[in-house]
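These notes concern the structure reproduced below.
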Amino acid sequence: MIINRASKLFQPIVALQKNQILINNESISKSTQLMLNNGIIKQSSPGIFHFLPVGLRVLDKLIKLIDTELRYVDAQKVMFPTLTHAKLWKASGRYQDVASELFKLKDRHDTEYLLSPTHEETSADLIASLGLVSFRKYPLKLYQITSKFRDEMKPRFGLMRARQFIMKDLYSFDIDVERSKKTYAQMCDCYDKIFAKLAIDWVKVLGSSGTMGGDLSHEYHLPSAIGEDKLVQCGDCNYSANLEYIHNIIKTEANITSCPNCSSSNIKITNGIEVGHTFLLGEKYSKALNSKYLAEDGKPKLLHMGSYGLGVSRIIAAAVEILSEETAIKWPTLLAPYRTVIIGPKIGSKEEAKLAVTPENVYQHLNVVNTLMDDVLYDDRSDMTIGKRLLEAKRTGYPFAIVLGSKATQNPPQFEVINLYNQDQHFLSLDQLVDFFSSSSNFDVCKLSSSAKV
Ligand SMILES: [Zn+2]
């Protein structure tokens with residue numbers, strides 16, 4: 001059996017004095033600081049980051065969660081090329097519109113390319129290249145989860161406004177406007193499910209289509225004081241919109257004091273971090289790239305597209321920002337890099353000499369539990385005190401620790417389970433440990449206690 005051992009883990013933790021904050025800079029958010037200090041990510045250059053092993057586990061879990069939900073809506077995973085021929089973006093007109101944010105490059109033949117921040121043109125071109133395909137082959141949803149690039153003027157807040165980031169982008173193709181609206185509603189439901197699984201508050205608001213174009217667009221935000229968007233929510237009619245969107249409609253940047261929909265003054269304005277965006281695109285890109293299908297009447301017709309983005313690495317940063325304490329990370333429980341860490345006695349201690357069950361035995365017992373499969377870390381650094389290892393576990397954001405202390409030397413042995421998110425403690429036998437971690441309700445408790453409100 002492979003044992004995940006803390007001694008083998010590449011997690012360069014920055015040693016800090018108690019409550020010391022490493023960097024004092026307003027462009028470094030709490031989440032960035034926590035992730036840098038705890039060896040989750042490292043900066044390579046401004047706005048560009050390495051995901052280290054612990055961080056990559058979190059990213060992989062989020063990707064798996066998204067993949068699972070997207071299978072329920074019949075979306076198929078692909079990988080579009082990152083290098084996009086500039087002619088595609090010239091055809092849609094976006095090459096000029098968003099020119100300053102694009103990373104552009106040329107090959108040795110002087111042909112222009114860009115590092116794509118999004119793939120409406122690429123996907124529309126793929127469909128166009130198939131020629132006329134029967135209407136029966138639609139709807140079609142293709143998505144990928146890959147690195148995207150944006151030449152941010154001021155990269156800041158770590159993964160939140162980065163120049164290279166991980167995004168889920170999905171493109172839908174429907175044969176008419178009614179069906180594309182149905183797809184749109186289905187995708188919004190899917191997003192709701194994803195955020196519900198993360199057990200984190202989210203707000204869905206009307207958003208501007210901006211340079212993307214199209215007829216209808218919504219944004220998904222995680223409310224946070226450091227969010228750069230202002231969200232207007234009406235307490236009477238459920239209207240919610242990005243302030244920028246309202247300004248575009250009423251064509252003024254005046255203060256908003258009442259709901260644009262029902263005129264109620266019962267409105268709330270909060271800051272949000274945009275983590276998702278949905279667009280009903282209509283025929284904009286299919287027209288530009290000539291993406292057509294063969295209709296029932298035998299005629300070629302333009303496809304109706306939708307575009308659905310999720311800022312995957314940004315969701316991670318925003319969740320850490322919202323859930324964490326100043327000096328310890330809290331993850332959405334489903335994303336914690338390991339769900340539990342096993343800590344044995346210090347080498348040479350009297351507990352170590354009298355242990356009835358080794359930490360490896362406990363590990364083997366737990367690794368067969370469904371909710372913990374490959375999700376247990378054995379902190380085998382027995383030259384460190386239990387307290388020091390517990391502190392690191394708490395900083396890194398493992399929800400649970402199992403400590404083999406003095407009661408583990410009794411017959412029968414008792415193991416201390418500590419919920420590091422709310423400090424709950426239990427002493428359990430080996431069988432009770434398995435029961436405890438087999439019950440998903442224990443993770444629900446953990447979720448509730450970790451969803452601190454902003
Ligand atoms: Zn209203």
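Kirkwood radius and radius of gyration were both taken over the C-alpha atoms of segment 213-308, and their ratio Rg/Rh is 1.14.
Taking Lys and Arg as +1 and Asp and Glu as -1, the other residues whose beta-carbon sits under 12 Å from that of Arg5 total -1. Heavy-atom surface analysis with a 1.4 Å probe gives segment 30-323 a carbon and sulfur content of 50 percent of its accessible area.
With each label modelled as a point 7 angstrom along the Cα→C-beta vector, the Lys251-Val78 pair spans 4.0 nm. Reported to the nearest whole Å, the Cα centre-to-centre distance from segment 287-302 to segment 117-181 is 20.
Note on segment 177-267: Rg/Rh from Cα positions, Kirkwood definition for Rh, rounded to two decimals, is 0.98. Can you give the net charge of the other residues whose Cβ lies under 9 Å from the Cβ of Asn38, counting K and R as +1 and D and E as -1? Counting the neighbours of Asn38, the net charge comes to 0. log10 I(q)/I(0), Debye, Cα-only segment 329-450, no solvent, q = 0.13, 0.22, 0.23 Å⁻¹? Computed log10 I(q)/I(0) values: -0.45, -1.34, -1.45.
Just need the relative contact order of the chain here, percent rounded to a whole number, with Cα pairs under 8 Å and 6+ apart.
Across the chain, relative contact order equals 16 percent.
Label point 7 Å out from Asn422 along Cα-to-Cβ: which residues of segment 299-323 have amide N under 17 Å? Counting only backbone N, you get 323. Where does the Debye-calculated log10 I(q)/I(0) of segment 62-141 sit at q = 0.20, 0.21, 0.23, 0.25 Å⁻¹, using only Cα point scatterers of equal weight, no solvent? Ignoring solvent entirely, the Cα scatterers give -0.99, -1.03, -1.09, -1.16. When a 1.4 Å probe is rolled over the protein heavy atoms, the share of accessible surface on segment 329-450 that falls to carbon and sulfur comes to 52 percent.
Remark: the chain carries a charge dipole of roughly 620 debye about the Cα centre, counting +1 on each Lys and Arg Cβ and -1 on each Asp and Glu Cβ.
Values of log10 I(q)/I(0) for segment 110-194 across q = 0.10, 0.26 Å⁻¹ run -0.37, -1.28, by the Debye formula with one identical scatterer at each alpha carbon and no solvent. Once the C-beta distance of Asp215 and Thr385 is scaled by a Förster radius of 60 Å, the resulting FRET efficiency is 0.45 to the nearest 0.05.
Charge dipole (Cα centre; +1 on Lys/Arg Cβ, -1 on Asp/Glu Cβ; no other charges) of segment 150-306 amounts to roughly 320 debye. Against the chain, whose longest principal axis is taken from its Cα atoms, helix 312-323 shows a tilt of about 50°.
Taking 0.36 nm per residue of separation and subtracting the Cα-Cα distance, what length does fully extending Ser44 through Arg179 add? Difference between extended and current length: 44.2 nm. Remark: the Cα gyration tensor places segment 1-160 in the oblate category, a/c being 1.5 or greater and a/b not exceeding b/c. Spatially, segment 78-98 and segment 233-260 are offset by 33 Å when compared through their Cα centroids.
Please report the net charge: other residues with Cβ closer than 13 Å to the Cβ of Ile269, K and R +1, D and E -1. Net local charge, Ile269 excluded: 0. Ranking Glu321, Glu296, Glu351 by solvent-accessible area of protein heavy atoms (1.4 Å probe, all protein chains present), from largest to smallest, gives Glu296, Glu351, Glu321. Contact order for segment 329-450, expressed relative to its length and based on alpha carbon pairs under 8 Å spaced 6+ residues apart, stands at 31 percent. Projecting the Cα atoms of Ala185, Tyr113, Ile250 onto the dipole axis of the chain, where Lys and Arg carry +1 and Asp and Glu carry -1 at the beta carbon, places Tyr113 farthest toward the positive end. When the surface is traced with a 1.4 Å probe over the full set of protein chains, Trp202 keeps roughly 80 Å² accessible.
Compared with the dominant Cα axis of the chain, that is its longest principal axis, helix 441-450 is turned about 70°. Seen from every direction in turn and averaged, the convex hull around the alpha carbons of the chain projects onto 25.9 nm². For the chain, the solvent-accessible area works out to 46 Å² per residue, with a probe of 1.4 Å and every protein chain left in place.
The values are calculated or read from the model by the stated rules, or taken from the named source; none is laboratory data. What you see is a predicted model, and the numbers here were worked out from it, not measured in a lab. Cβ: placed from backbone, ideal geometry, glycine included. Neighbour counts: every protein chain shown. These accessible areas exclude ligands, DNA and RNA; they are computed on the full protein's heavy atoms, side chains included. Shrake-Rupley method; radii C 1.70, N 1.55, O 1.52, S 1.80 Å.
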